[in-house]
1. Return the residue satisfying two criteria in turn: it lies in the range 1-30 and is of a type in the set (Gly, Ala, Ser) and farther than 22 Å from Leu45 by Cα, and of such residues it is modelled with the highest pLDDT.
2. Output the number of residues of the range 169-190 satisfying the condition of being closer than 16 Å to Phe248 by Cβ and free of Cβ contacts under 8 Å to residues at least 60 places away in the same chain.
3. If a residue has to be assigned to a helix (DSSP H, G or I), modelled with pLDDT of 85 or more and either out of contact with any strand residue (DSSP E or B) (no Cβ under 8 Å at 6 or more places or on another chain) or of a type in the set (Lys, Arg) (or both) to count, how many in the range 64-92 make the cut?
4. Which of the following residues is acidic (Asp, Glu) and in contact with a His (Cβ under 8 Å, 6 or more places away or on another chain): Glu164, Glu116?
5. From Arg179, Arg158, which residue is under 23 Å from Ser34 (Cα atoms), surrounded by 15 or more Cβ atoms within 10 Å (Cβ to Cβ) and either assigned by TED's automatic domain parsing to the domain that holds Tyr42 or not basic (Lys, Arg) (or both)?
6. Conditions: (1) buried (at least 21 other Cβ atoms within 10 Å of the Cβ); (2) more than 22 Å from Ile289 (Cβ to Cβ); (3) not polar (S, T, N, Q). Val213 meets all but one. Number of the miss?
7. All but one of (1) touching a strand residue (DSSP E or B) at 6+ places or on another chain (Cβ under 6 Å); (2) modelled with pLDDT of 95 or more; (3) buried (at least 22 other Cβ atoms within 10 Å of the Cβ); (4) farther than 22 Å from Asn16 by Cα hold for Ala195; state the number of the condition that does not hold.
8. Filter the range 297-330 for residues that are in contact (Cβ under 8 Å) with a residue 60 or more places away in the chain and in contact with an Asp or Glu (Cβ under 7 Å, 6 or more places away or on another chain) and give the result.
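The values are calculated or read from the model by the stated rules, or taken from the named source; none is laboratory data. Everything numeric here is computed off the predicted structure, so don't read it as measured data. Note that we place each Cβ from the backbone using ideal geometry, even for glycine, and neighbour counts take in every protein chain shown.
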Amino acid sequence: MAEDKVLSIDAKKAENFSEWYIQVLIRSGFVDYSEVSGCIVYKPLAYGAWQQVVEAIDKEFKSDGIEDSCFPMLIPEKLLKKEQTHLKGFTPEVAWVTHTGDTELEERLAVRPTSETIMYASYSKWIRSWRDLPLRYNQWNSVLRWEFKHSTPFLRSREFLWNEGHSVFATSEEALKERERIISIYMKVLKEYLALPGILGKKTEYEKFAGAVETYSIEHIMPDGWSLQGPDHHYDGQNFSKAFDIKFLDKEGKQEYAFQTTYALSTREFGVMVATHSDDKGLVIPPKIAYIQVVIVPIYKKDNQEAVNAHAVKIYESIKGKFRVRFDDREGYSPGFKFNEWELKGVPLRIEIGEKDIANDSVMFTRRDTGEKQAVKISEIDGSISKIFEMMQEDLYRKADEFLRSHIHVVNTLDEFKSILKEKGGIISAPWCGNTECELKMKEEYGTKIINIPVEQPKHADKCIYCGKKAEIAANFAKSY
């Protein structure tokens, strides 16, 4: 007889968010720690969800003319040094390969923190004429950044998975136009797959990507009131093309430097997703990306086990090609044990079938997010699953969006700022003069940074809350992961 005990979550989300978050990730089997500090193992629940995200984004990219590519993960030091601003931004994070066996390399090789330098060395060889443009390549890979001491799965992992897109255009107008399309793809996938809202805005000069002219980001709010940066898009102008000699002959035969953009979405989004939707029972995963969408649990006694299992198998066979489904026919475990285990793992929908259900030609549905139960006729199972998944996706997004909106606070004075920061936290929208000195002083004194300057500007006072000088914009301040 198997041990009839589920590894449960004993920390409370509302009381100890940090401990709760780790317990949910590890005890659910979503991820596990590895023997490499700061690097996690993506178990099937996590990696299967990531594959769904990749598929959704990649479909959108390809429909927009973006092509997949794969470049080396090792970057010669001489290439990193070609763009000094970029190198300075990543120097603390770079891990180096210095030896092969006992032999020291003539030149150090960086383990990819991001791929601009290795890709653009090739771009400079491939691009000769305006006919070679635009060039729009994307990579799905992992990167390594080693700058921090204390890691948190997804939120601050040394190695993480992501997409990195690198586009080259003949004009700045074309390059700038790309941002709207890429951001719209990210926002669509966040909403329709991960059920996550975000705030779109422009990064300050201090916070923008190293080497970029401007950076736009989508920012999230976590249950503890701290913000987390999501997907971003960078307009790099001619910074990299001049450093890597990416030139082309235009239609008039004049040689010009190209204009470039970069953009990315990473597995950091899983940290936001888990933190936002999950509860004290464990994971809650939106149905579109769940590795297992449906679990079927037969409920039987010894004298009717064969009959109940036979009906459960028929249901399993009828839906397994349409949904990602698991049939839990394990012996030695009670139905209650199975219910709790699949709730811990975040499976969106549980189907229960017992002798009474067979007599009624029905099954019992249980939604993971709300716990709501519903009797469904066997003939209506397919349509009912699809309908519940649509409702679940909408409900998860609505709830997350309401939480986000309720944690955005518009203030016009420093006293209001300090009061909100102390009592409520969240994102504080405040008038700012645009001066980096004020930005850094606010960061030093209050532990907040400007996460972005929102595209949708609220009404605000005309004086900076810190220095009192003229303020033409409102910036979003927050404590940030």
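1. Top of the filtered list is Ala14.
2. Here the count works out to 1.
3. 2
4. So the residue among Glu164, Glu116 that is acidic (Asp, Glu) and in contact with a His (Cβ under 8 Å, 6 or more places away or on another chain) is Glu116.
5. Going through Arg179, Arg158 in turn, the sole match is Arg158.
6. (1)
7. Among (1) touching a strand residue (DSSP E or B) at 6+ places or on another chain (Cβ under 6 Å); (2) modelled with pLDDT of 95 or more; (3) buried (at least 22 other Cβ atoms within 10 Å of the Cβ); (4) farther than 22 Å from Asn16 by Cα, the lone unmet condition for Ala195 is (1).
8. The answer is Ile319, Lys322.
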